[in-house]
Structures are given as C-alpha cells and as structure tokens.
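In what follows, a single structure is set out as structure tokens and then discussed.
The values are calculated or read from the model by the stated rules, or taken from the named source; none is laboratory data. Computed from a predicted model, the values in this text were never measured in an experiment. Glycine gets a Cβ as well: all are built from the backbone with ideal geometry, and neighbour counts include every protein chain shown.
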Amino acid sequence: MPRYLMLLFGLAVAVGPTYSQEYIDLEEERRQQERLLQDSRAPVAGVAATAPITSQTQNFGELLYQLQLLQQEVMTLRGQLEEQGHQLRQLKQQSLERYVDLDRRISAGGTALSAGDGNTPASNAGGSTAAELPGEADAYRAAYSEVRSQQFSEAIVAFKQFLQDYPDGRYAPNAHYWLGELYLVITPQDLESSRQAFTLLLEQYPDNGKIPDTLYKLGKVYYQKGNPEKARQFLDRVIAEHGSSNSSAVKLARDFIDENY
C-alpha cells in the first residue's frame, strides 16, 4: 500500500468515531429540546382547572360593578322624579289657590251689574263716576261672562278689547282690575302684565272701591317678581290706609306678611 494511502486510512480510523459520536450527541440534544418544548406546551397540573375560575370571577366582578352603577342611576332618577312630583304638587296647589281667590272675588259681586233686566247696570260697585257709554254694559257683561266660565284667555282678549272701545268708560276700572287678576291665573302667569294693569287702576282711579284689593295684589305681584321690599310697601299701605274698613284685603295683607316676613 502506498504510503499516502496508509496515512489517509489511519486518519479516517482516528477521526471516524469522533464524528459519529458528535452526530449522535447532536441528535439526542435535538430530541431533548423537542421533548422540553412539548412539555412546556402541555397543561400543568392545577393550572388548567384554575384558569376558567379566574375568568369567571373577573366576569362576575364586572357584572356586579355594572349592577351597582345601575342601582345608583335608578336611585338618582327616583330622587329626581320625587322632586318633580313635589314641584308639580306645589304648582297645582298654587293654581288652585289662585282659582279659589278669583272665584271668591267673583262671588263677592265683581260684575257690578244687576240681575234685573240683564242689560243695564243697577250699580257700579267699584266703577268710575263717568257716564255709561252706549253698548258699554253689554261689552263688559260679555267679557265678564268669560271670567265666570273660566275661559281666562278669552276673557283677557275681551277686556282688552273693551278698554280699546271704552277707555274712559264707566267700567274701565273694573276691566283693569280683572285684567290684573286674569294675568295671575293663566298658565304661565304674566306677572308684568298683571303689575301694569293694577298700576293703571291705582294711578288713574285712586278713589276706586277696588283700591284695597289692588294694593294687596300689587304686593303679591312684586313679591313673586323677587322684590320683597317693594311688595312690603304695598302690603303696609293696605293696612295703613284701609285698616279701619271691612275690606278682606286688609286681613289678606296681614296674613301674607306673617307668612313671608
């Protein structure tokens, strides 16, 4: 055998086992790594059982939180409904008081017309000393009939028309007075128009029989408009100027002061 072949053979014998051993070790290592990877992917005892429980607990907690929020919203809405119900009851009571007050004044004889022939006034309780104009009594009676029928918006229109047709008529003071009353019983109230109507009556007919009621009404109007000082001036005037009379406005003014001052 040639010398170089002998050298190659000897080298092959020397390194062959080493290659084989290294290959075997690499394969084994690869298999071990695959086993470790499979083991890492496999569920660990106890973990699989607890995972669903943790998710359910989180969902239950979220539902409980949402339920608490809904309960708070319901309580808030219930409180708002109770408050609105209270306000509505107050408004109804105030409206009822205004209607009762108006009805009392109607029953007291605010028409200033007799029940005789139904066409001519027998007296002018609270009216002016001016002569009655043709057609005035009928126009006033028609406007006042709307008050008695509780057609308040129609009554306002009728009395305003009456004052346009008979601005200096015998029943003009009454028309101003009823306009002041009517602006307080409509919904919503027109406090400023009521104030203007009563003020016109007070300034143009200072000796009219309705002045005590007019002063009392002006006191209430100013109080509702947020001016209690001005309101007190008119209420005090009722008592000071008409305290010796039998006007019901005096007692009403005293009661209003006791309740609000």
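Exactly one of these conditions fails for Ala197: (1) in contact with a His (Cβ under 9 Å, 6 or more places away or on another chain); (2) over 23 Å from Ala240 (Cα atoms); (3) of a type outside the set (Phe, Trp, Tyr). Give me its number.
Condition (2) is where Ala197 drops out.
What is the one condition in (1) closer than 14 Å to Asn260 by Cα; (2) surrounded by 19 or more Cβ atoms within 10 Å (Cβ to Cβ); (3) in contact with a Gly (Cβ under 8 Å, 6 or more places away or on another chain) that Val238 does not satisfy?
So the condition that Val238 fails would be (1).
Quick check on this structure: which one of Leu201, Leu184 is modelled with pLDDT of 95 or more and surrounded by 21 or more Cβ atoms within 10 Å (Cβ to Cβ)?
The conditions single out Leu201.
Among the residues that make up region 170-178, is at least one of them of a type in the set (Lys, Arg) and assigned by TED's automatic domain parsing to the domain that holds Arg148? Spell out the reasoning first.
Taking region 170-178 as the starting set, the residues that turn out to be of a type in the set (Lys, Arg) are 170.
Add one more test, that the residue is assigned by TED's automatic domain parsing to the domain that holds Arg148, and what stays is 170.
Within region 170-178, one or more residues are of a type in the set (Lys, Arg) and assigned by TED's automatic domain parsing to the domain that holds Arg148.
Which residue is modelled with the lowest pLDDT, if the candidates are limited to region 125-157 and must be among the hydroxyl-bearing types (Ser, Thr, Tyr) and part of a loop (DSSP other than H, G, I, E, B)?
From region 125-157, those among the hydroxyl-bearing types (Ser, Thr, Tyr) are 128-129, 140, 144-145, 149, 153; that's our starting set.
Next, only the ones that are part of a loop (DSSP other than H, G, I, E, B) stay: 128-129, 149.
Working: Ser128: 58, Thr129: 62, Ser149: 89.
Among those residues, the one meeting the criterion is Ser128.
So Arg170 fits all but one of (1) closer than 22 Å to Leu133 by Cα; (2) in contact with an Asp or Glu (Cβ under 6 Å, 6 or more places away or on another chain); (3) part of a helix (DSSP H, G or I); what number is the exception?
Going through (1) closer than 22 Å to Leu133 by Cα; (2) in contact with an Asp or Glu (Cβ under 6 Å, 6 or more places away or on another chain); (3) part of a helix (DSSP H, G or I) one by one, Arg170 breaks only (3).
Could you please tell me which pairs satisfy a Cβ distance under 8 Å, a separation of 6+ or placement on different chains, a first residue in region 199-213 that is on the phi < 0 side of the Ramachandran plot and among the β-branched types (Val, Ile, Thr), and a second residue that is in a loop (DSSP other than H, G, I, E, B) and buried (at least 21 other Cβ atoms within 10 Å of the Cβ)?
Ile211/Tyr205
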